[in-house]
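The values are calculated or read from the model by the stated rules, or taken from the named source; none is laboratory data. None of the values given here were measured: they were computed from a predicted structure. Glycine gets a Cβ as well: all are built from the backbone with ideal geometry, and neighbour counts include every protein chain shown. In case anyone asks, the SASA skips ligands and DNA or RNA and just uses the protein heavy atoms, side chains included. Shrake-Rupley method; radii C 1.70, N 1.55, O 1.52, S 1.80 Å.
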Amino acid sequence: MRPPRRLLLLLLVGLLPVAAWALAPPRFTGPQSRARAGANGVRGYEYETRYFRQRLDHFSFPGVEDEDDAAAFFQQRYLVGRGGGWAGPGGSIFFYCGNEGDIAWFAANSGLVWEAAPRFAALVVFAEHRYYGESMPFGSKAKAYNNSKSLAYLTAEQAIADFAVLLTDLKRNLSAEGSPVVLFGGSYGGMLAAWMRLKYPHIAVGALVSSAPILQFEDIVPSTIFYDLVSDDFRRESLSCFQTIKDSWKALDDQGNGQDGLLKLSKTFHLCQTLKTSGDLSDWLSSAYSYLAMVDYPLPSEFLMPLPANPIKEVCRNIDSQPEGTSILERIYAGVNVYYNYTGTVGCFDLNDDPHGMGGWDWQACTEMVMPMSYSEDRSMYPPYKFDYASYAEDCIKTYGVRPRPRWITTEFGGHNITRVLEKFGSNIIFFNGLLDPWSGGGVLKNISESVIAIVAPLGAHHIDLRPATSEDPDWLVSLRESELKIISGWLSDYYGASGALFQPVAVKGPSAS
């Protein structure tokens with residue numbers, strides 16, 4: 001079984017070589033939640049939606065005759081906070097680097113940015129990533145995703161350049177060239193925030209980088225680390241639950257190969273269409289486990305799906321509490337139903353649902369975002385599988401007609417010898433990681449210098465620090481956010497220096513009721 005194509009931000013396959021297509025690491029977002037977006041805001045955070053005429057290719061110089069070609073530009077969407085608390089020209093700007101999805105979704109789930117801004121009299125800006133949400137080159141998603149030529153401009157480098165150009169133009173239009181910018185980002189957006197701080201140090205004074213696996217490339221960390229950490233989360237809750245999941249892959253394979261096996265599996269798991277391969281179901285289950293590990297928050301959430309507090313505990317309780325005689329696969333369905341149907345409103349499951357429009361991640365994983373993923377033999381609840389680059393590349397060539405460049409990201413942004421490099425060349429970066437989050441295995445977990453800081457939460461999950469504050473937040477989370485904002489306050493104080501700050505550093509208060 002090799003890691004699947006569609007997961008949370010990462011992957012798996014079935015127990016059979018013919019199972020799922022192991023393309024890329026799970027995507028950093030989730031499958032079926034809906035952002036609560038209105039005309040002017042989300043979750044009560046008010047903003048104005050704007051569009052910026054962005055250049056399609058920042059790294060070439062077409063002839064003058066091509067400057068008026070509509071295809072050479074696209075409309076990039078961005079959101080500007082309307083709270084009215086900005087200090088004005090010279091005041092700080094909090095800029096969120098968009099991820100692989102609709103920007104309104106990330107704005108709804110990044111409450112820290114909104115809630116901290118008034119304390120620093122900061123302007124809030126959320127910028128959408130090209131090829132996601134409404135920011136589609138060539139006029140439509142169908143044309144943008146048409147082939148490798150139209151997708152060629154979907155890269156992290158182009159996205160970061162978009163952010164830099166947008167920020168520069170925005171500051172000029174606001175007569176705010178002297179305004180310090182603090183970057184924010186979670187997961188892939190966090191990777192972009194870190195890389196942008198390193199690539200464009202003149203654009204931003206610092207970056208809060210949450211749950212960003214910037215080391216999940218080549219052989220910098222073990223290729224098994226992501227799925228080992230997923231497995232650890234389930235073992236931590238229940239050894240019997242862990243073992244049931246471990247045994248389920250063979251049971252799924254055996255039934256799928258039996259007479260009418262795919263039809264029976266489709267009925268057991270309440271699928272909308274009959275399975276074509278058991279690998280598709282393996283991918284679907286693996287995605288759920290991976291996403292559950294990412295969002296194993298101590299409070300109810302709707303980031304990926306409507307979920308209860310401590311969702312892995314609930315999944316394992318469902319698996320373990322089924323009556324004697326319940327089959328392994330029926331137990332698995334009872335467990336995964338917590339993730340895919342906690343509200344009880346889903347009649348059947350569509351394995352191809354992608355409401356956030358994150359399909360572009362498969363392309364990115366087939367070009368530069370090559371994150372090797374394997375299953376270990378002993379520690380993992382998955383069958384052993386060793387990442388095979390040749391097979392991975394072959395899948396990408398068949399699908400997109402492109403060959404991955406597995407060493408390009410570390411050439412472009414670094415990663416090897418990260419401690420020595422960032423100690424000498426980096427500054428003003430906070431790396432947050434929650435150790436329940438499987439992406440923490442590819443994150444920066446130790447302080448590198450006085451200004452490149454690692455904040456680690458043993459009970460934290462995927463960018464929990466960025467989540468909207470609630471009255472039920474545990475003390476450790478309140479304290480953690482306070483530490484982050486204190487560091488950011490220091491960056492801004494250093495920037496303004498003796499000239500007098502245009503913001504008033506305010507002690508972080510306890511969370512307000514949500």
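Please work out the Cα center distance from the range 218-233 to the range 146-175, rounded to the nearest Å. The distance from the Cα centre of the range 218-233 to that of the range 146-175 comes to 32 Å. For the range 260-333, what log10 I(q)/I(0) values come out of the Debye formula at q = 0.15, 0.20 1/Å, with one point per alpha carbon and no solvent? Result of the Debye calculation: -0.61, -0.96. Using alpha carbons only, what's the Rg to Rh ratio of the range 66-199 with Rh from Kirkwood? With Rg and the Kirkwood Rh in hand, the quotient comes to 0.98.
Listed by chain and number, the lysines placed with their C-alpha closer than 22 angstrom to that of residue 264 are 246, 250, 276; residues fewer than eight positions away on the same chain are left out.
For the range 103-252, the share of accessible area belonging to carbon and sulfur comes to 54 percent (1.4 Å probe, ligands and nucleic acids excluded). Distance between the 7 Å Cα→Cβ label points at residue 57 and residue 482: 5.3 nm. Screening the chain for whole DSSP H helices of 20 Å or more along their axis (Cα) with average Kyte-Doolittle hydropathy at least -0.5 returns 156-173, 278-294, 475-496. Principal axis analysis of the Cα atoms in the range 219-318 yields extents of 42, 35, 26 Å, listed in decreasing size. Per-residue extension of 0.36 nm, minus the Cα-Cα distance of residue 276 and residue 263, leaves a gain of 3.8 nm for this segment. Peptides 276-286, 93-103 ordered by packing proxy, namely the average of other Cβ atoms within 10 Å per residue, highest first: 93-103, 276-286.
Projected onto their three principal axes, the Cα atoms of the range 305-382 cover extents of 48, 37, 24 Å, largest first. Each peptide in 417-430, 110-123 receives the mean, over its residues, of other Cβ atoms within 10 Å, and ordering these scores from highest gives 110-123, 417-430. Using just its DSSP H runs of length 4 or more, each adding -39500 (n - 2.57), the chain gives a mean residue ellipticity at 222 nm of -11000 deg cm²/dmol after division by all residues.
A simple spin-label model places the labels of residue 172 and residue 75 2.2 nm from each other, with each point 7 Å out along Cα-to-Cβ.
For the chain, the solvent-accessible area with a 1.4 angstrom probe is 39 square angstrom per residue. Rg ratio for the range 264-398: its Cα radius of gyration over 2.2 N^0.38 Å, N being its residue count, equals 1.16. Our analysis of the chain gives Rg over Rh at 0.97, with the two radii drawn from alpha carbon positions and Rh computed by the Kirkwood formula. DSSP assigns beta bridges within the chain; of those with both partners inside it, close to 40 percent run antiparallel.
Convex hull volume of the Cα atoms of the range 417-474, normalised per residue: 86 Å³.
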